[in-house]
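Heads up: the structure comes next, in structure tokens.
Since every read-out is calculated from the coordinates, none of them should be taken as a lab result. These figures come from a predicted structure and were not determined experimentally. Neighbour counts are summed over all protein chains in view; Cβ atoms, including those assigned to glycine, are modelled from backbone coordinates with ideal geometry.
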């Protein structure tokens, strides 16, 4: 029998990845892959940490609670993509600055 909480976490993590990538499309396949992985990991890991920290495990017993947990997992995934985008922009700016110094 499948675990309903695990399915909800995976759905929330996947949805978070899709939404952030539609909002800010990646510039390269490499950035897409890194963004997807970081968003899913941030969703599942961050969501689990928040649920554990606040003791929200009893929410699993109701369908509304599972929906709320899915939303929580979704919200925890959004910072993962933001971190990747910020890191990529800083790295690109640094590369452009070093090229200008050489030229």
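Please order 76, 67 by the number of other Cβ within 10 Å, starting at the fewest.
Result, fewest neighbours first: 67, 76.
If each residue's Cβ is checked for other Cβ atoms within 10 Å, how do 98, 43 rank with the fewest at the top?
98, 43
Tell me, 84, 34 in order of fewest to most beta-carbon neighbours within 10 Å?
Ordered by Cβ neighbours within 10 Å, fewest first: 34, 84.
Assuming R0 = 30 Å, what is the FRET efficiency of residue 54 and residue 30, from their Cβ-Cβ distance, to the nearest 0.05?
FRET efficiency, residue 54 to residue 30: 0.25.
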